[in-house]
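The values are calculated or read from the model by the stated rules, or taken from the named source; none is laboratory data. Given the structure is predicted, the values throughout are model-derived calculations rather than measurements. Here Cβ is always computed from backbone atoms with ideal geometry, including for glycine, and neighbour counts include all displayed protein chains. Each accessible area value is taken on the protein alone, full model and side chains, heavy atoms only, with ligands, DNA and RNA left out. Shrake-Rupley method; radii C 1.70, N 1.55, O 1.52, S 1.80 Å.
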Amino acid sequence: MCLDFVNTLDDRFTDHPKELLASYRDLARFAEDAGVLSHQPVDHLCAQSEKSPQPAQRALKSAIQMREAMSEVFYALAREKPVPKSALAVLNHYVQQAAQHARLVPADGHFEWQFDPAQDNLESPLWPIVRSAAELLASDQLQYVRACASPTCEWLFLDESKNHRRRWCDMTKCGNRAKVQNFYKRQRNPT
Ligand SMILES: [Zn+2]
């Protein structure tokens, strides 16, 4: 989920990146689509963002700053480069902020993490997103974070395939497109 969040700056490495989080509403809807906030609090947050546009704008700015820090960290890892300390510091700032809104609640004989009610705080969509990043960074799944091999895509994804040799974020889109391009290249330059 945190990798999908990084992908909300589409065409990131081109001259014309597409910002998919253009408004606070986009941020809240992302959290709903990702399944981390439910419909009702998201509706409430969207209404709230219209009533208080400045705090909403600040929350959106924070979300984008957090996303860019996550992007630097995960692309560095995917490309086996050192993780920039400044990006990790920004990410840790948001990890700590989210932790201030987290608590343990009993659930079916064990305990689970729960955040403060989402509708009360415009920054609430950030908390589960940054926790997802923190959990991935602290897990043994981290080695399977990849950047899509298609030069026109480069989306981040988690390679959960059996042999961990997946190269494209989506085989039906990026993978086939790359294969078709290779095919045409071979046709044009027969060796
Ligand atoms: Zn791709």
Placing unit charges on C-beta atoms (Lys and Arg positive, Asp and Glu negative, everything else neutral), compute the dipole magnitude of segment 2-165 about its Cα centre in debye, rounded to 20. 380 debye
The chain - percent of accessible surface contributed by carbon and sulfur, probe 1.4 Å: 51 percent
On the Cα set of the chain, report Rg and Dmax in Å, please. 18.8, 66
Amide hydrogen neighbours beyond the local backbone of residue 21, cut-off 5 Å, H modeled: none
Would you calculate, for the chain, the mean residue ellipticity at 222 nm contributed by helices, counting each DSSP H stretch of 4 or more residues as -39,500 (n - 2.57) and dividing by all residues, to the nearest 500? -15500 deg cm²/dmol
For a Förster distance of 41 Å, can you work out the FRET efficiency between the beta-carbons of residue 10 and residue 107, rounded to the nearest 0.05? 0.65
Helix 39-51 against the longest principal axis of the chain: what's the angle in degrees, Cα atoms only, rounded to the nearest 10? 80 degrees
Mind checking the angle between helix 53-78 and the chain's longest principal axis? C-alpha axes, 0 to 90 degrees, to the nearest 10. 40 degrees
Which residue fluctuates the most in the chain, going by a Gaussian network model with Cα springs under 10 Å, if the choices are 163, 121, 92? 163
I want to check a number: in the chain, how many lysine pairs have alpha carbons closer than 19 Å, given a sequence separation of 8 or more or different chains? 4
